[in-house]
Amino acid sequence: MDWPCIEFTKTVGWRPRDRSDDELVSYAALVGWVARAGLLDDAAAARLTGRAEREPAEAARVLEQARALRGAIYRLLLGVAEGQPPAADDLDTLSAHASAALAARRLRPTPEGGYAWEWPADTTPLERVLWPIAESAASLLTSPLVHRVRRCADDECGWLFVDESRNRSRRWCSMEGCGTRAKVMRYRQRQRM
């Protein structure tokens with residue numbers, strides 16, 4: 001299972017570099033990321049983007065909140081992975097966003113005859129874009145899977161993942177990137193001997 005909160009932390013590079021590689025360069029970019037992640041439908045994305053264009057100062061404030069939330073989630077999950085206690089500020093940041101997300105949810109009937117929680121389609125506070133991310137982080141932190149959060153073993157990476165392997169031995173955020181790079185480096189070292 002992909003955790004949107006972990007994927008959200010990957011919208012900025014954690015490698016030491018001279019330049020920033022933050023994907024969240026604008027509120028529209030934030031909405032685009034959330035929509036591509038499947039956390040926001042096209043109609044809601046269009047409503048939020050339109051409102052942001054009418055309220056640029058508010059959109060800029062929410063963008064800063066998004067960056068703060070991303071950092072808080074990363075530090076909380078990294079602390080779990082490294083066995084460190086959470087910072088109160090990080091917990092407060094996540095709690096505030098998760099509480100707002102929960103407070104805005106409404107029970108609605110489903111076509112199958114049951115009920116489901118959802119955010120009303122006409123809900124357009126600009127913070128709406130952060131709700132599914134905060135909800136994902138709160139769900140992960142309160143789930144038994146929280147003890148499987150790991151930091152990539154590649155010292156140049158820093159990204160997080162949930163190790164859902166059967167024997168809990170996964171070391172890399174992705175085998176295609178960091179895992180392959182590590183294997184190539186080990187192979188080259190063996191060839192030099």
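The values are calculated or read from the model by the stated rules, or taken from the named source; none is laboratory data. Keep in mind it's a predicted model, so treat the numbers as computed, not measured. Cβ coordinates were reconstructed from backbone atoms using ideal geometry, including for glycine residues, and neighbour counts include every protein chain displayed.
Any residue in the range 33-56 that is surrounded by 20 or more Cβ atoms within 10 Å (Cβ to Cβ), touching a residue at least 24 places away in the same chain (Cβ under 8 Å), among the β-branched types (Val, Ile, Thr) and within 13 Å of residue 125 (Cα to Cα)?
No; the residues of the range 33-56 include none that is surrounded by 20 or more Cβ atoms within 10 Å (Cβ to Cβ), touching a residue at least 24 places away in the same chain (Cβ under 8 Å), among the β-branched types (Val, Ile, Thr) and within 13 Å of residue 125 (Cα to Cα).
May I ask you to list the residues in the range 111-125 that are assigned to a loop (DSSP other than H, G, I, E, B) and either of a type in the set (Val, Ile, Thr) or under 19 Å from residue 44 (Cβ atoms) (or both)?
Result: 119, 120, 121, 122, 123, 124, 125.
When you go through 54, 15, 61, 67 one by one, which is the residue that is closer than 30 Å to residue 164 by Cβ and modelled with pLDDT of 95 or more?
The conditions single out 67.
Check residue 74 against each of (1) of a type outside the set (D, E, K, R); (2) crowded, with 20+ Cβ neighbours inside 10 Å; (3) farther than 26 Å from residue 165 by Cα and name the one condition it does not meet.
Going through the list (1) of a type outside the set (D, E, K, R); (2) crowded, with 20+ Cβ neighbours inside 10 Å; (3) farther than 26 Å from residue 165 by Cα, residue 74 breaks only (3).
Pick from 108, 128, 67: which is out of contact with any Phe, Trp or Tyr (no Cβ under 8 Å at 6 or more places or on another chain), among the basic types (Lys, Arg) and either part of a helix (DSSP H, G or I) or surrounded by fewer than 19 Cβ atoms within 10 Å (Cβ to Cβ) (or both)?
Just one listed residue meets the conditions, 67.
Does residue 118 fit the bill of being touching a residue at least 40 places away in the same chain (Cβ under 8 Å), surrounded by fewer than 15 Cβ atoms within 10 Å (Cβ to Cβ) and of a type in the set (Asp, Glu)?
For residue 118, the condition - touching a residue at least 40 places away in the same chain (Cβ under 8 Å), surrounded by fewer than 15 Cβ atoms within 10 Å (Cβ to Cβ) and of a type in the set (Asp, Glu) - is not met.
Could you list, in sequence order, all residues of the range 77-90 that are in contact with a helix residue (DSSP H, G or I) (Cβ under 7 Å, 6 or more places away or on another chain) and either loosely packed, with under 14 Cβ neighbours inside 10 Å or farther than 26 Å from residue 163 by Cα (or both)?
85, 87
Just give me the residues in the range 160-181 being at pLDDT below 80, touching a Lys or Arg at 6+ places or on another chain (Cβ under 8 Å) and outside any loop (DSSP other than H, G, I, E, B), in sequence order.
Answer for the range 160-181, where residues must be at pLDDT below 80, touching a Lys or Arg at 6+ places or on another chain (Cβ under 8 Å) and outside any loop (DSSP other than H, G, I, E, B): just 179.
Quick check: is even one residue across the range 141-159 surrounded by fewer than 19 Cβ atoms within 10 Å (Cβ to Cβ), among the charged types (D, E, K, R), at pLDDT 85 or above and part of a loop (DSSP other than H, G, I, E, B)?
No: zero hits.
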